[in-house]
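Shown next, in structure tokens, is the structure this report addresses.
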Amino acid sequence: MQAGIWRAVSEALANQDNPLLAAVFVHPMYGPNGFRASEQEAQTFRNILTATIAGAQHPLADEVAQIGEAFRSRLGIETTSAFGPEEHDRITAYSQGLSYCVAEVMFEQPEIDLLLKELMPDLHYSFHANHDLIVDFLRINAYIAEVKAVFRDLWQRTKQSNFKDVLGVFAQADQILNGGANSRITTKWYEKLRNASINV
């Protein structure tokens, strides 16, 4: 995901003889149907600045600060540079990817799909609206194999038939992967599933 893009762009820029070329790598934590400031989970929306490549005559620091301030003042969205590309991909696999494991079960099992449509209609709608993005994430993220292995092992131990099974597996996988701590890069669906699993 971010790490692969960073490597490809870094290599391409290294082969250019232009001291003004520079790049900023940002992963927005919201989509066209995802950002509503009134939602309880609105605090999960962040721009994650994973890396910069400054040109010899294009240092970027001032521009990045201006962009961050514009997001903060106009949209109320924070920008952080606390994560490099590899760390970003690992952390998002453990949170966003974990919630997408629930989506994968929903896509593969019609009875679970119906349960989530009834009990978590906003999540159900969003997962279906972002089906291709979710499938790509599960295919491309370098750290998702571990997450999927944990989730599938726990899922196989259940009856795989009810909402409690879904939330119980999510909670156990979250405990294994994140040790009960809050994810440092979270998403609204991860938070919704996490909150729902506490009440089961």
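Helical runs assigned H by DSSP (4 residues or longer) give the chain a calculated mean residue ellipticity at 222 nm of -17000 deg cm²/dmol, each run adding -39500 (n - 2.57) before division by the residue total. Computed from Cα positions, the angle between helix 131-140 and the longest principal axis of the chain comes to roughly 70 degrees. Counted over the chain, the DSSP beta bridges are approximately 70% antiparallel. Between GLN175 and GLU118, the distance separating the two model label sites (each 7 Å from Cα on the Cα→Cβ line) works out to 2.7 nm.
Counting only alpha carbon atoms, the long axis of helix 98-108 and the longest principal axis of the chain meet at about 50°.
Where does each of THR52, THR187, THR158 land when they are ranked from fewest to most other beta-carbon atoms within 10 angstrom?
THR158, THR52, THR187
Counting charges near CYS101 (Lys, Arg +1; Asp, Glu -1) among other residues having Cβ under 14 Å from its Cβ returns a value of -2.
For HIS131 and ALA54, what is the calculated FRET efficiency with R₀ set at 45 Å and r taken between the beta-carbons, to the nearest 0.05? Efficiency, from the Cβ-Cβ distance: 0.75. Listed from fewest to most Cβ neighbours within 10 Å, the set SER161, SER126, SER10 follows the order SER161, SER10, SER126.
Packing-based ranking of 143-153, 108-118, 171-181 yields 143-153, 171-181, 108-118, ordered from highest to lowest mean Cβ neighbour count within 10 Å. For segment 85-198, the convex hull spanned by the alpha carbon atoms encloses 92 Å³ per residue. When Cα Rg over 2.2 N^0.38 Å is computed from the coordinates, the matching label among (i) 1.26; (ii) 1.68; (iii) 1.13 is (iii). For the chain, the relative contact order works out to 23 percent when only alpha carbon pairs closer than 8 Å and six or more residues apart are counted.
Determine the distance separating the Cα centre of segment 132-177 from the Cα centre of segment 72-91; give it in Å without decimals. Cα centres, segment 132-177 to segment 72-91: 24 Å.
Sorting ARG139, ARG7 on the 10 Å Cβ count, fewest up front, what's the list?
Lowest count first: ARG139, ARG7.
The magnitude of the dipole of the chain, with charges of +1 and -1 set on the Cβ of Lys/Arg and Asp/Glu and taken from the Cα centre, is near 420 debye.
Just so you know, all these numbers are worked out from the coordinates, no wet-lab data involved. If you're wondering where the values come from, they're calculated on a predicted model, not measured in any experiment. Every residue, glycine as well, gets a Cβ built from its backbone with ideal geometry; the counts of neighbours run over all protein chains shown.
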